[in-house]
Amino acid sequence: MQNKEIRFASRPAGMPSAETFQFVETDLPQPGDGEVLLRTLYISVDPYLRGRMRPGRSYVAPFEVGDVISSGAVAEVVESRAPQFQKGDVVTGMMGWRLFNVAKASELRKIDPQLAPVTTSLGVLGMPGLTAYFGLLDIGAPKEGETVVVSGAAGAVGTTVCQIAKLKGCRAVGIAGSDEKNRYLEQELGVDATINYKNGDVAQALKDACPKGVDVYFDNVGGEVSDAVMPLLNHGARLIICGQISLYNLDKQDIGPRPQPYLLVNSALMQGFIISDYASRFPEGVTQLAGWLGAGKLKYAETIVEGFENTPQAFIGLFSGENLGKQIVKV
Ligand code: NDP
């Protein structure tokens with residue numbers, strides 16, 4: 001049987017395109033001792049992969065041209081040469097964008113399809129859910145009655161942040177790129193107010209939505225949306241820098257209004273983080289998120305594109321907001 005994989009074909013200038021990727025047929029790999037052969041079921045496409053397409057130092061090594069793209073995935077064990085896994089087990093871990101992968105058993109986690117749909121291990125119970133949980137609670141430390149503003153509010157991380165803010169008794173204000181997404185946030189997730197940043201005066205809309213100012217800002221997008229939040233900061237505000245997706249495809253560094261004066265006069269804290277900083281606390285986060293999910297206190301949305309061949313397009317679609325909640329590819 002032949003395998004298929006998606007390689008990094010060329011470094012994009014600006015927005016990635018079909019030319020960024022190359023489909024290649026290869027032989028089926030064979031597992032060695034301590035390894036398993038996996039058939040990919042679902043692939044997670046994530047904004048941070050754009051960062052790996054740039055050369056230079058970051059928190060993960062860049063892709064080299066010719067590398068197989070890799071990200072989180074869910075797969076089924078087809079053949080096991082490791083005692084901890086059996087044929088038919090469903091596992092999650094980092095995997096190449098391939099139909100079949102060989103992986104070390106020690107780098108995989110078994111998932112129980114009875115507990116929750118397996119795709120949740122890529123979204124609300126996986127990396128994005130944990131990012132929302134630790135970023136908001138550990139850095140943002142929201143208190144009852146405070147106003148929490150979330151940019152990228154209708155995405156995988158953002159939808160979870162909005163709901164945790166509500167669970168903590170806060171006023172949640174979401175910023176997203178369509179009225180339809182904002183309706184979902186308000187009607188399904190109980191977000192108190194929303195702003196469509198593609199429509200009208202964001203600064204004025206934020207002022208209207210935050211009559212008592214902003215205590216916590218969970219930033220997924222950066223750029224002009226974040227600039228509009230700065231004048232509304234309250235004393236002691238916390239700004240969580242989770243992502244800057246509006247900048248990921250820029251070739252030149254973006255220079256906007258500088259935030260320091262706003263931080264200074266409000267004794268505010270701005271802190272970036274990478275979710276792997278919290279790796280030792282993941283079990284705590286998953287237990288809490290799964291508890292809320294099981295109790296019906298936490299909802300999630302997924303946008304599932306069908307077909308391995310559509311993986312590059314699903315990734316590119318993140319930059320035009322084609323997804324509501326977690327973007328996943330069903331292989
Ligand atoms: P999302 O599910 O939120 O998908 C990306 C969303 O970003 C799109 O749906 C789109 O929604 C929005 N977007 C795209 N381009 C722009 C733009 N130019 N301006 C404003 N919004 C834009 O992705 P994730 O939930 O996986 O990630 C959210 C953010 O968190 C990303 O920035 C990501 O890099 C970051 N992240 C950081 C982690 C960390 O460890 N610090 C871990 C995981 C994610 P819309 O329709 O609203 O425009």
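The values are calculated or read from the model by the stated rules, or taken from the named source; none is laboratory data. Note that the structure is predicted; figures quoted are calculated from it, not measured. Neighbour counts are summed over all protein chains in view; Cβ atoms, including those assigned to glycine, are modelled from backbone coordinates with ideal geometry. Surface areas here come from the heavy atoms of the whole protein model, side chains and all, with no ligands, DNA or RNA. Shrake-Rupley method; radii C 1.70, N 1.55, O 1.52, S 1.80 Å.
Of 110/299; 143/299; 110/181, which sit over 30 Å apart, Cα to Cα?
From the list (110/299; 143/299; 110/181), the Cα-Cα distance tops 30 Å for 110/181.
Which residues' amide hydrogens lie under 5 Å from the amide hydrogen of residue 3, considering only partners 5 or more residues apart or on another chain, with H built in the peptide plane?
Counting only residues 5 or more places away or on other chains, the set is 26, 27, 28.
Which ³J(HN,Hα) values in Hz, rounded to whole numbers, follow from the phi angles of segment 22-32 under the Karplus curve 6.51 cos²θ - 1.76 cosθ + 1.60, where θ = phi - 60° and Gly and Pro get x?
9, 8, 10, 8, 9, 6, 5, x, 10, x, x
Report the semi-axes of the equivalent ellipsoid for segment 127-276 in whole Å, largest first, where each axis is √(5λ) for an eigenvalue λ of the Cα gyration tensor.
On the way: eigenvalues 75, 62, 55 Å².
Semi-axes (√(5λ), whole Å): 19, 18, 17.
With r as the distance between the Cβ atoms of residue 187 and residue 76 and R0 = 35 Å, compute the FRET efficiency 1/(1 + (r/R0)^6) and round to 0.05.
Result of the calculation: an efficiency of 0.45.
Return one number: the angle in degrees, 0 to 90 and rounded to the nearest 10, between the long axis of the Cα atoms of helix 156-167 and the longest principal axis of the Cα atoms of the chain.
Helix 156-167 and the main axis of the chain meet at about 50 degrees.
What lysines sit close enough to residue 4 to cross-link, taking a C-alpha to C-alpha distance under 23 Å and skipping anything fewer than 8 places away on the same chain?
The reachable lysines, counting only those whose Cα sits under 23 Å from residue 4, are 87, 104, 330.
Counting other Cβ atoms within 10 Å of each Cβ, which GluC sites (Glu not before Pro) in segment 94-148 have at most 16 and sit in a DSSP loop? It would help to have the intermediate numbers written out before the result.
Numbers: sites: 107, 144, 146; in loops: 144, 146.
Passing sites in segment 94-148 are 144.
Given 0.36 nm per residue, what is the gain on full extension from residue 260 to residue 18 after removing their alpha carbon distance, in nm?
83.2 nm
Can you compute 3J(HN,Hα) from phi for each residue in segment 272-282, using the Karplus curve 6.51 cos²θ - 1.76 cosθ + 1.60 with θ = phi - 60°, rounded to whole Hz and x for Gly and Pro?
x, 7, 10, 4, 5, 4, 9, 3, 5, 9, 4
Quick one: check the C-alpha center-to-center distance for segment 111-161 versus segment 241-262, whole angstrom.
23 Å
I want to make sure I understand the PRE zone here: with the label point 7 angstrom from the Cα of residue 247 toward its beta carbon, which residues in segment 198-221 have backbone N atoms less than 12 Å away?
What the label zone holds, given the 12 Å backbone N cut-off, is 220-221.
Residue by residue through segment 50-58, which ³J(HN,Hα) values in whole Hz follow from phi under the Karplus form 6.51 cos²θ - 1.76 cosθ + 1.60 (θ = phi - 60°), with glycine and proline marked x?
Per-residue couplings from phi come out as 4, x, 6, 8, 9, x, x, 6, 8 Hz.
On a C-alpha basis, how far is the centre of segment 1-71 from the centre of segment 177-203 in Å? Whole number, if you could?
When both Cα centres are located, 34 Å separates them.
Near residue 182, within a Cβ-to-Cβ distance under 12 Å, what is the net charge of the other residues, with Lys and Arg +1 and Asp and Glu -1?
Once all neighbours under 12 Å are counted, the net charge is -2.
Run the simple label-point estimate for residue 280 and residue 114 please: 7 Å along Cα→C-beta, distance reported in nm.
That separation, rounded to one decimal, is 3.4 nm.
Mind checking the per residue accessible area of the chain for me, 1.4 Å probe, whole number of Å²?
It amounts to 46 Å² per residue over the chain.
List the GluC sites (Glu not before Pro) within segment 1-80 that fall in a DSSP loop (any state other than H, G, I, E or B) and whose Cβ has at most 11 other Cβ atoms within 10 Å. Mind showing how you got there, number by number?
On the way: sites: 5, 19, 25, 35, 64, 76, 79; in loops: 64.
When the GluC sites (Glu not before Pro) of segment 1-80 are filtered for loop state and at most 11 Cβ neighbours within 10 Å, 64 remain.
Would you mind calculating the gained length between residue 3 and residue 84 on full extension (0.36 nm times residue separation, minus the Cα-Cα distance), in nm to one decimal? Intermediate values should be presented prior to the final figure.
Working: separation 81, 0.36 × 81 = 29.16 nm, distance 2.49 nm.
Full extension from residue 3 to residue 84 adds 26.7 nm.
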